[in-house]
Amino acid sequence: MDIPTLKKQLKGASPAMVYTVVGTQMELQAETRQAFLDLIPAEERVMNVASYDLEATPLDEALADAMAAPFFGERRLVFLNKPTFLTGSTGRGSLKQDPDLLKEYLNHPEPTTTLVIMAPYEKLDGRKGVVKSLKKVAVEVSAAPLDESQARHIVEARFQKDGFILQNGAMDELVRRTNADYGQMMSHVQQLETYAYPGKDITIAAVQGLVPQSLDENVFDLVQAVLDQHQVMALDDYQQLLAAQQQPLQINAVLVSQFRLLLQVKILSQRGLSQGTITQQLKVHPYRVQLAQRTAQKYDLATLCQAYQGLIQIERDLKTTSRSPELLFQLFMLKFNKAVD
């Protein structure tokens, strides 16, 4: 179940007794938590809402609270946070929990309690008996990272609900500057609306002025200039990054990371893997894979390898020589252009 569906169900019917919220998108985790909190009247929350960190709190203590009757209210709401014992991770430093306690609770969940297990992980370990029991009893809500179209749709709906109009190119610019990360996009909504008030238009200029480009995004422009062998443009982009107080080693590390992704996506695409499968295997945001596929298909594998190896050499030289970063990058461009030609 996705979160919009969950919100509709919570407004229209009595909640289930147990939910699991699984996924690493923290903005979605926060939205889900708030949707459950809205079930409990504000004046009752002190007595009827509890939240436990299972990396530090014994499970029996949390479940004892879940089994208690509501105090001057109709329902208790209990959050179980960071249930590392439900994953394949060893949870170094986490308190060891007895999963059988949760299995026993799931056999007879308290009817007047809504138990919400907040699991900020990619997935739970389906081989474990307690996870199998959860799947039979609990309603699972996805807080997995959204792809570009999903994030775009929800953010556009938020602007529309608030009465604001996105001018041509504004949403595209917001997507580009945040790498389509839903959490980052939502973090700028109120800022953009405040800037536009009392008018109702969100312009591309407002997005450019208020939403900073990440180093990854700035470097992406540099990657394109390198691959297109636009030496003057590439050097200018590189100098601008240095002028913005970005460290040469950091710039180069992001460049290496970008070309490594291009190589990985190129190879996996040639093997016939879909965008979704590549995203799962590489464990990167779907939008980054989408952009990498668009770029990688324009260049052969040898060209990408040549650039990647040259950037690895720059990293060695930055650490072992006193030559200026600009000079090292210029030499890289000369060698790369000569090798590609």
Unmet criterion (only one of (1) in a helix (DSSP H, G or I); (2) over 22 Å from residue 144 (Cβ atoms)) for residue 287:
(2)
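Can you tell me which residue within the stretch 227-272, out of those that are among the basic types (Lys, Arg) and surrounded by 15 or more Cβ atoms within 10 Å (Cβ to Cβ), is farthest from the chain's Cα centre (by Cα)?
Our first condition is that a residue be among the basic types (Lys, Arg); within the stretch 227-272, this holds for 260, 266, 271.
From the residues that got through so far, the ones that are surrounded by 15 or more Cβ atoms within 10 Å (Cβ to Cβ) too are 260, 266.
Working: 260: 20, 266: 23 Å.
So the residue we want is 266.
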Test: residue 157 is surrounded by 14 or more Cβ atoms within 10 Å (Cβ to Cβ) and on the phi < 0 side of the Ramachandran plot
no
Could you check residue 299 against (1) aromatic (Phe, Trp, Tyr); (2) in a helix (DSSP H, G or I); (3) farther than 19 Å from residue 314 by Cβ and say which number it fails?
(2)
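Would you check if residue 194 is touching a residue at least 60 places away in the same chain (Cβ under 8 Å) and out of contact with any Cys (no Cβ under 7 Å at 6 or more places or on another chain)? Working first, answer last.
Numbers: touching a residue at least 60 places away in the same chain (Cβ under 8 Å): no; out of contact with any Cys (no Cβ under 7 Å at 6 or more places or on another chain): yes.
Against the criterion (touching a residue at least 60 places away in the same chain (Cβ under 8 Å) and out of contact with any Cys (no Cβ under 7 Å at 6 or more places or on another chain)), residue 194 does not qualify.
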Search result, residues across the stretch 30-68 that are closer than 25 Å to residue 121 by Cβ, open to solvent by less than 40 Å² (accessible area, probe 1.4 Å) and not in a helix (DSSP H, G or I):
49, 50, 52, 54, 57
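Taking residue 74, is it open to solvent by 20 Å² or more (accessible area, probe 1.4 Å), of a type in the set (Asp, Glu), assigned by the TED database to the domain that holds residue 55 and in contact (Cβ under 8 Å) with a residue 24 or more places away in the chain? I'd like the intermediate steps shown before the answer.
Values: open to solvent by 20 Å² or more (accessible area, probe 1.4 Å): yes; of a type in the set (Asp, Glu): yes; assigned by the TED database to the domain that holds residue 55: yes; in contact (Cβ under 8 Å) with a residue 24 or more places away in the chain: yes.
Answer is yes for this residue.
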Any hit, the stretch 273-294, residues being at pLDDT 90 or above, surrounded by 14 or more Cβ atoms within 10 Å (Cβ to Cβ) and touching an Asp or Glu at 6+ places or on another chain (Cβ under 7 Å):
no
So for the stretch 19-38 (the condition being in contact (Cβ under 8 Å) with a residue 12 or more places away in the chain, farther than 30 Å from residue 179 by Cβ and in contact with a Ser or Thr (Cβ under 8 Å, 6 or more places away or on another chain)), does at least one residue qualify?
no
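Taking residue 241 as the residue in question, decide whether it is assigned to a helix (DSSP H, G or I), modelled with pLDDT of 90 or more and not charged (D, E, K, R).
Values: assigned to a helix (DSSP H, G or I): yes; modelled with pLDDT of 90 or more: no; not charged (D, E, K, R): yes.
So residue 241 does not fit the description; no.
The values are calculated or read from the model by the stated rules, or taken from the named source; none is laboratory data. The structure presented is a predicted model; accordingly, all values stated were derived computationally and were not measured. All Cβ positions, glycine included, derive from the backbone under ideal geometry; neighbour counts span all protein chains shown. Areas reflect the complete protein model, heavy atoms only, side chains present, ligands, DNA and RNA absent. Shrake-Rupley method; radii C 1.70, N 1.55, O 1.52, S 1.80 Å.
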